[in-house]
Amino acid sequence: MANLEKKQNYTPAIVVMFAMFFMIAFVTNLAGSMGVVVTNQFGASKALSQLGTLANFIAYACMGIPAGLILRRKGYKFTALTAVVVGLVGVAIQFLSGYAESFFVYVLGAFVAGFSMCMLNIVVNPMLNTLGGGGNKGNQLIQWGGSCNSIGGTIAPILVGWLVGGSIENATVAKAAPVMIIAMAIFAIAFVVIRLTAIPEPHMETPEERAARLAGGKEKDPHSALSFRHFVLGAIAIFFYVGIEVGIPNTANVYFSSLPDVGPAITGTMIGAYWFCMLIGRLIGAPVSAKVSSKTMLAVMSSVAIVFLVCAIFIPESVQITLGSKVFPLALGFLVLCGLCTSIMWGAIFNLSVEGLGKYTAAASGIFMTLVCGGGIIPFLQNLLADKIGSMQSYWLIIACLAFLVFYALVGSKNVNKDIKVD
């Protein structure tokens, strides 16, 4: 690893990256969980209930490349601190939307929070991949970070579901306010911790590079991250993947919460179980990823997810399962199990996409984050379909996205541009 001394202890930096992974999922899933609230308080349709998530992820499209430039010129620490401040402001705006009785204010808050999530993602992924040395070890470290991500993702929908209660008629922003207060507190604490933590800057431009850039004397590189086919296809894969990861629970949350025999509390718990399955999958996937290639993991788990979704689509909703004192549709259970599959996809795709990019890694991360907007676009399109053909039938869109991931793992992830200099 260039610029990193092997003897130096980077454990504090790794811990901070893991904490930031937690924040990303908590705040992102807050937007998804609030879909149930806005359908009641603001009378939104299934599609419009996803506007908060859409705004959150569209921010990635706006901020991905600029954030990559900020990372390159100002470094990881500056980017992280800025992201935390922006995130606190975004959640505060969402908090105020309930009292302002304004759907627009809520969407605006989600959009601002999305800028923060994009910047945090730009920091944590290349940093963990670098600290892990790339390859399987880099993927392993991202998987461990993803476990922290899953914890944050698990907590948010459960808290919102139980604060709202057993009936969707009780769903208001004010009811979910404690969750947003917790999110703001997390951001405030994170700012202090990051400010006091030494974070290495392996991809920050050198004073010589900065001087050359400002003088305009640096020869333009004929290549970029987009010169690598496996990266371009990987960016498309991440667009579909984030849409898959978010679309599965968000659509299920809105649909099953509206069923009188299920309701928000039970559905919120099950959606939390989906993210908990992602936690389990990442805890298992982290040690496995050190021995099994990212290509194999992605191909196998994408295929299993397709099987689970087909089962969910074709099993009648009248078929129910009892777990303890709770009764829920078996179809919802299969959707929850998809979390085991989606758990390892992010790390695997990122690892495959940036492998062999060298000096183009930081810029590639910015482009990569731009395509994360799929996490808002795919669920929105899925719920447009849900309004037309039904929520369960809309999962065919997710199956099509998973099919592309299988293709990427087996064919598209091969680096066919090894002739390009990356050092």
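Scan the range 1-18 for residues that are at pLDDT below 75 and open to solvent by less than 10 Å² (accessible area, probe 1.4 Å) and jot them down.
The one that is at pLDDT below 75 and open to solvent by less than 10 Å² (accessible area, probe 1.4 Å): A13.
Being within 24 Å of M278 (Cβ to Cβ) and either basic (K, R) or open to solvent by 40 Å² or more (accessible area, probe 1.4 Å) (or both), is that true of even one residue in the range 39-48? Walk me through how you get there before you give the answer.
Taking the range 39-48 and keeping what is within 24 Å of M278 (Cβ to Cβ), we get 46.
Of the ones still in play, those that are also either basic (K, R) or open to solvent by 40 Å² or more (accessible area, probe 1.4 Å) (or both) are 46.
Yes.
With the structure loaded, tell me whether A252 is assigned to a helix (DSSP H, G or I), out of contact with any Pro (no Cβ under 6 Å at 6 or more places or on another chain) and surrounded by fewer than 24 Cβ atoms within 10 Å (Cβ to Cβ) or whether it fails that test. Don't jump to the end; show me each part of the working.
On the way: assigned to a helix (DSSP H, G or I): yes; out of contact with any Pro (no Cβ under 6 Å at 6 or more places or on another chain): yes; surrounded by fewer than 24 Cβ atoms within 10 Å (Cβ to Cβ): no.
Against the criterion (assigned to a helix (DSSP H, G or I), out of contact with any Pro (no Cβ under 6 Å at 6 or more places or on another chain) and surrounded by fewer than 24 Cβ atoms within 10 Å (Cβ to Cβ)), A252 does not qualify.
Can you tell me which condition L283 does not meet? The list is (1) crowded, with 21+ Cβ neighbours inside 10 Å; (2) closer than 21 Å to W144 by Cβ, and all the others hold.
(1)
Would you confirm whether any residue within the range 131-147 is of a type in the set (S, T, Y), modelled with pLDDT of 75 or more and either under 28 Å from A67 (Cα atoms) or surrounded by fewer than 24 Cβ atoms within 10 Å (Cβ to Cβ) (or both)?
Yes, the range 131-147 has at least one match.
Given V107, V123, V86, which one is closer than 18 Å to F368 by Cα, modelled with pLDDT of 80 or more and within 19 Å of the chain's Cα centre (by Cα)?
On the way: V107 fails: closer than 18 Å to F368 by Cα; V86 fails: closer than 18 Å to F368 by Cα.
Sole residue among the options that is closer than 18 Å to F368 by Cα, modelled with pLDDT of 80 or more and within 19 Å of the chain's Cα centre (by Cα): V123.
Pick from C401, C338, C373: which is more than 23 Å from L51 (Cα to Cα) and among the hydrophobic types (A, V, I, L, M, F, W, C)?
Numbers: C401 fails: more than 23 Å from L51 (Cα to Cα); C373 fails: more than 23 Å from L51 (Cα to Cα).
One residue alone meets the criteria, C338.
Could you list, in sequence order, all residues of the range 75-100 that are open to solvent by 40 Å² or more (accessible area, probe 1.4 Å) and hydroxyl-bearing (S, T, Y)?
Correct list: T82, Y99.
Would it be correct to say that G234 is closer than 19 Å to F407 by Cβ, open to solvent by less than 30 Å² (accessible area, probe 1.4 Å), touching a helix residue (DSSP H, G or I) at 6+ places or on another chain (Cβ under 9 Å) and modelled with pLDDT of 90 or more? Break it down stepwise before answering.
Details: closer than 19 Å to F407 by Cβ: yes; open to solvent by less than 30 Å² (accessible area, probe 1.4 Å): yes; touching a helix residue (DSSP H, G or I) at 6+ places or on another chain (Cβ under 9 Å): yes; modelled with pLDDT of 90 or more: yes.
Here the answer is yes, as G234 does meet what is asked.
Sort out which residues of the range 173-198 are open to solvent by 20 Å² or more (accessible area, probe 1.4 Å) and under 23 Å from the mean Cα position of the chain (by Cα), and write them in order of number.
If the condition is that a residue be open to solvent by 20 Å² or more (accessible area, probe 1.4 Å) and under 23 Å from the mean Cα position of the chain (by Cα), then P178, I181, I182, M184, A185, I186, A188, I189, F191, V193 are the ones that fit.
Got a sec? Which helices (runs of 4 or more DSSP H) wholly within the range 318-422 have at least 2 residues that are of a type outside the set (A, V, I, L, M, F, W, C) and open to solvent by less than 10 Å² (accessible area, probe 1.4 Å)? Steps first, answer last, please.
Numbers: elements: 330-342, 345-354, 361-370, 374-389, 395-407.
Passing ranges, in order: 330-342, 345-354, 361-370, 374-389.
Among the listed residues F103, F26, F21, identify the single one that is aromatic (F, W, Y) and either open to solvent by 30 Å² or more (accessible area, probe 1.4 Å) or farther than 20 Å from T154 by Cβ (or both).
On the way: F26 fails: either open to solvent by 30 Å² or more (accessible area, probe 1.4 Å) or farther than 20 Å from T154 by Cβ (or both); F21 fails: either open to solvent by 30 Å² or more (accessible area, probe 1.4 Å) or farther than 20 Å from T154 by Cβ (or both).
After ruling out the rest, the residue left standing is F103.
Could you tell me which numbered condition I248 fails, if it satisfies all but one of (1) over 21 Å from I151 (Cα atoms); (2) modelled with pLDDT of 90 or more?
Failed condition: (1).
On the given criteria, is A386 touching a Ser or Thr at 6+ places or on another chain (Cβ under 9 Å) and under 21 Å from N56 (Cα atoms)? It would help to see each step written out before you state the result.
Details: touching a Ser or Thr at 6+ places or on another chain (Cβ under 9 Å): yes; under 21 Å from N56 (Cα atoms): yes.
Taking the combined requirement at face value, the residue satisfies it.
What residue, among those in the range 56-65 that are touching a Gly at 6+ places or on another chain (Cβ under 8 Å) and open to solvent by 50 Å² or more (accessible area, probe 1.4 Å), is modelled with the highest pLDDT? So that I can check it myself, show each step before the final result.
Residues of the range 56-65 that are touching a Gly at 6+ places or on another chain (Cβ under 8 Å), as a first pass: 56-60, 63-65.
Within this subset, residues satisfying the condition of being open to solvent by 50 Å² or more (accessible area, probe 1.4 Å) are 58, 65.
On the way: I58: 87, I65: 78.
Ranking the candidates gives I58 first.
Which residues, counting only those in the range 286-303, are part of a helix (DSSP H, G or I), among the aliphatic types (A, V, I, L, M) and either open to solvent by less than 50 Å² (accessible area, probe 1.4 Å) or modelled with pLDDT of 95 or more (or both)?
Scanning the range 286-303 gives A286, M297, L298, A299, V300, M301.
The values are calculated or read from the model by the stated rules, or taken from the named source; none is laboratory data. Everything numeric in this text was worked out from a predicted model, so none of it was measured. Here Cβ is always computed from backbone atoms with ideal geometry, including for glycine, and neighbour counts include all displayed protein chains. We work out accessible area using only protein heavy atoms, side chains counted, and drop any ligands, DNA or RNA first. Shrake-Rupley method; radii C 1.70, N 1.55, O 1.52, S 1.80 Å.
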